Amino acid sequence: MSDVDINERHKQKMQKQKKRVDARIKEATTERGVFVFLTGNGKGKSSSAFGMVLRALGYGQKVGVIQFIKGNRTTGESLFLSNLHPDVDHYQMGTGFTWDSQDRERDIAAAETTWEVASQMLSDDSYDLVILDELTYMLGYKYLDVEKVLDVIKNRPVEQSVVVTGRGGGARLRELADTVSEVKEIKHAFKSGIKARPGVDL
Ligand code: ATP
Ligand code: MG
């Protein structure tokens, strides 16, 4: 096949694809905030959520970030956000839980206090985007009641988007979310003995 033929074929293929995409764009007419759930055992859930924070800030939107973190970990995003970005309200649960902590009662109290902060954001229409990072673990350990949590998410302001990250999470979360992505591990550097890197892993 000559170069001219290849180019012509490519053009036809692209035209067909554009038609299909344009038709689908036309069909999406509902305007409302979305509920995104990022799960799975691979790397990329929280960092994807923080990518959306960056996007929202680009449009001058107001963002709430709640981190139900594992352990007393420092992360680049919490260091960055603690410098008080004017458009981001950031709250970190702070007390470690599970393998760093033996005090279940204290963990439950911390989870409930953190959920109070989250609930306020989820009922305040000045927030365009709310991130609930690692929320699934609070549900998995039954520190928070899944139906109560889902009720608050369901009844949030109509234009507000919410992102939940974490492994597991259960069927109800998947059911209610508008977008669900599962990040699958193919490889992870840590498993070949490479130390976690600030800026990449934390
Ligand atoms: P990231 O914050 O990098 O997007 P994540 O939110 O998808 O990761 P978490 O389960 O919250 O994943 O774990 C966060 C930390 O654990 C990061 O340092 C990440 O590199 C590391 N991690 C994630 N998945 C794996 C894995 N499959 N094996 C080993 N370490 C992992
Ligand atoms: Mg994470």
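The values are calculated or read from the model by the stated rules, or taken from the named source; none is laboratory data. Being a predicted model, the structure only gives us computed values, none of them experimental. For neighbour counting, all protein chains shown are included, and Cβ atoms are generated from backbone atoms with ideal geometry for every residue, glycine included. Accessible surface areas use protein heavy atoms only, side chains included; no ligands, DNA or RNA. Shrake-Rupley method; radii C 1.70, N 1.55, O 1.52, S 1.80 Å.
Based solely on its DSSP helices, what 222 nm [θ] is calculated for the chain when runs of n ≥ 4 H residues each add -39,500 (n - 2.57) and the sum is averaged over all residues, nearest 500 deg cm²/dmol?
On the way: 7 runs with 84 residues, N = 202.
Computed mean residue ellipticity for the chain: -13000 deg cm²/dmol.
Springs between alpha-carbon pairs under 10 angstrom, Gaussian network model over the chain: which of ARG156, ARG24, ARG55 fluctuates most?
Result for the chain, Cα springs under 10 Å: ARG24 fluctuates most.
Comparing MET52, MET14, MET93, which has the greatest mean-square fluctuation in the GNM of the chain with Cα pairs linked when under 10 Å apart?
MET14
Quick one: angle between helix 3-27 and the longest Cα principal axis of the chain, in degrees between 0 and 90, rounded to 10, please.
So the helix axis and the longest Cα principal axis differ by about 50 degrees.
Looking at this model, which pairs from LYS13/LYS187; LYS142/LYS187; LYS26/LYS184; LYS62/LYS154; LYS45/LYS142 are more than 27 angstrom apart at the alpha-carbon?
On the way: LYS13/LYS187 34 Å; LYS142/LYS187 30 Å; LYS26/LYS184 31 Å; LYS62/LYS154 20 Å; LYS45/LYS142 21 Å.
Those over the limit are LYS13/LYS187; LYS142/LYS187; LYS26/LYS184.
Got a sec? Which residues in region 116-146 would a label at GLU175 touch, if it sits 7 Å along Cα→Cβ and we count backbone N under 15 Å?
Of the residues in region 116-146, 146 have backbone N under 15 Å from the label point off GLU175.
Between LEU84 and ARG167, what is the spin-label point distance in nm, taking each point 7 Å from the Cα along the Cα→C-beta axis?
Result for the modelled spin labels: 3.8 nm.
Largest first, how would THR30, THR39 line up by accessible area (1.4 Å probe)? Each step should come with its number before you reach the end.
On the way: THR30 115, THR39 0 Å².
Greatest to least solvent exposure: THR30, THR39.
For region 32-184, report the translational diffusion coefficient in µm²/s to the nearest whole number, using Stokes-Einstein at 25 °C, 0.890 mPa s, and a Kirkwood Rh over Cα pairs. List each step's numbers first, then the result.
Values: Rh = 15.4 Å.
My calculation gives 159 µm²/s for D.
Give me the angle, in degrees from 0 to 90, between the Cα long axis of helix 104-121 and the longest principal axis of the Cα atoms of the chain, rounded to the nearest 10.
Tilt relative to the chain: about 50 degrees.
I need to check one value: relative contact order of the chain, counting alpha carbon pairs closer than 8 Å and at least 6 residues apart, in percent.
That works out to 33 percent.
Just read off the accessible area of GLU159 with the full protein assembly in place, 1.4 Å probe, to the nearest 10 Å².
120
Which value, in Å² and to the nearest 10, is the accessible area of SER47 when all protein chains are kept and the probe is 1.4 Å?
Here the residue's solvent-accessible area equals roughly 70 Å².
Give the carbon-plus-sulfur fraction of the accessible surface of region 32-184 in %, rounded to a whole number; probe 1.4 Å, heavy atoms of protein chains only.
Numbers: 3830 of 7650 Å².
Roughly 50 percent, rounded to a whole number.
With every protein chain left in place, what is the accessible area per residue of region 91-202 in square angstrom, probe 1.4 Å?
59
Given a 10 angstrom Cα cut-off, can you work out which residue in GLY60, GLY166, GLY94 is the most mobile in a GNM of the chain?
Among GLY60, GLY166, GLY94, the largest mean-square fluctuation in the Gaussian network model of the chain belongs to GLY60.
Hey, rough spin-label estimate for THR113 and VAL158, points 7 angstrom out along Cα→Cβ, what's it come to in nanometres?
3.7
Give, as ranges by residue number, the residues of region 104-147 whose backbone N falls under 14 Å from the point 7 Å along Cα→Cβ of MET52.
Under 14 Å, as judged by backbone N against the label point of MET52, lie 122, 128-136 of region 104-147.
Quick check: the distance between the Cα centres of region 4-25 and region 148-202, to the nearest angstrom?
Computed from Cα coordinates, the inter-centre distance equals 34 Å.
Could you point to the residue in GLY166, ALA111, LEU139 farthest towards the positive end of region 32-184's charge dipole, with +1 and -1 charges on the Cβ of Lys/Arg and Asp/Glu respectively?
GLY166
Keeping all protein chains in position, work out how much accessible area ASP103 exposes to a 1.4 Å probe, and write it in Å² to the nearest 10.
Approximately 70 Å² of ASP103 is accessible to the 1.4 Å probe.
Roughly how tilted is helix 45-58, in degrees to the nearest 10 and between 0 and 90, from the longest Cα axis of the chain?
With rounding to tens, the tilt is 70 degrees.
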